[in-house]
1. Over the chain, one equal point on each Cα, no solvent: what is log10 I(q)/I(0) by the Debye formula at q = 0.08, 0.12, 0.13 Å⁻¹?
2. Looking at the chain, what % of its DSSP beta bridges pair antiparallel, to the nearest 5?
3. Go ahead and set up a Gaussian network model of the chain, Cα springs under 10 Å, then flag whichever of LEU65, LEU104, LEU167 fluctuates most.
4. Net charge near ALA255: determine it from the other residues with C-beta under 11 Å of the C-beta of ALA255, scoring Lys and Arg +1 and Asp and Glu -1.
5. Compare the peptides 139-145, 44-50 by average per-residue count of other Cβ atoms within 10 angstrom and give them in order, highest first.
6. Need the C-alpha centroid separation for segment 144-189 versus segment 220-243, integer Å.
7. Give me the number: length gained by fully extending LEU125 to ARG267, i.e. 0.36 nm times residue separation minus the C-alpha to C-alpha distance, one decimal in nm.
8. Over 27 Å between Cα atoms: which of LYS52/LYS218; LYS113/LYS217; LYS74/LYS139; LYS174/LYS235 fall into that group?
Amino acid sequence: MMRYLPQWSLTRRKIFTNCARRFALQYFNRDKTKMVRTKSLQFIAHHDLMIKCTRIVFFELLSDLHKGVTWSDKLIISKMRFQINIHTSTKANTKLGLNKKNLLIRNGYLRLKKLMKQEIPRKILDNSIKEWSFYERIKSTKFGHLDVYCSPDIVYRENSVWHLVRLNFQSEHKQPFLDLELCSMLLWSQGNQYLPNLAEKFVIHGLSFLKGKWFYKKIRPNQKLLQETKQLLEKDVHNFNILFEKLYRNGDYDALPLAKSSLYCKRCPYKLNCPINLE
Ligand code: SF4
């Protein structure tokens, strides 16, 4: 019998929008794909590795800040170096030379420094925002029959207003549904018994990095926006399952739609043996 896949996350949405084959290989984990998955998942593009390490370092920094410990620039660089080193000790990345490593460390460091100059992180760092917490998007929230990975990265409170902040360390060029994607954080807040259940009690913030800069977006959500967000999630998961059904019938990953832009393929872990290379 065919499984139903109830999970939704921003990463799933992004990959699905860009390439059905990559999405299927990543999320439809059937025995048949185990080999290709195991081999492919050892691969991570250097740029993605830098993003991953930068994110880890930023959360470590927040964790220390929560305990009252602040970091020097030297410590940020050293933490970046440590993360890059442990992530490049895996087989697929052993070819990374010292210059390339230093470049990744520098890029991650600069990205973090620019982030720390943005208003919200700055106010957290200088202690003007006193009541705050941070989350890593590893737990899902139940929303009807869906499992949604939608927690904010940072939550803070000012007076009676709650602020939900999402950080996107590498944004897409086009984000036509950014408002709704950001509002998915409200679903997380609804599953949290300590937070109000009213959309109007929240402010949503998005910080996304693109072309060397952090871009800021602020949304005052309302019930209509929340309703549209829920519809977007339902529609996405429905489409994921249509794709799964298609694959279930013919079992051919290579027959699924491929990425429209070859730029997207550059960082894909499944590019080896992809039919796009034969086109
Ligand atoms: S290489 Fe490109 S077309 Fe092939 S799976 Fe990856 S993203 Fe899709």
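1. -0.38, -0.86, -1.01
2. Working: 19 of 29 bridges.
So the antiparallel bridges in the chain amount to around 65 percent.
3. Fluctuation is largest for LEU65.
4. Values: positive: ARG21, LYS246, ARG249; negative: ASP252, ASP254.
That sum, taken over residues with Cβ under 11 Å, equals +1.
5. On the way: 139-145: 14.3, 44-50: 18.0.
In descending order of packing, they fall as 44-50, 139-145.
6. Between the Cα centre of segment 144-189 and that of segment 220-243, the gap is 13 Å.
7. Values: separation 142, 0.36 × 142 = 51.12 nm, distance 3.33 nm.
Extra length available between LEU125 and ARG267 comes to 47.8 nm.
8. Numbers: LYS52/LYS218 25 Å; LYS113/LYS217 19 Å; LYS74/LYS139 32 Å; LYS174/LYS235 20 Å.
The answer is LYS74/LYS139.
Since every read-out is calculated from the coordinates, none of them should be taken as a lab result. No experiment lies behind these values; they were computed from the predicted model shown. Note: ideal-geometry Cβ built from the backbone for every residue, glycine included; neighbour counts use all protein chains shown.
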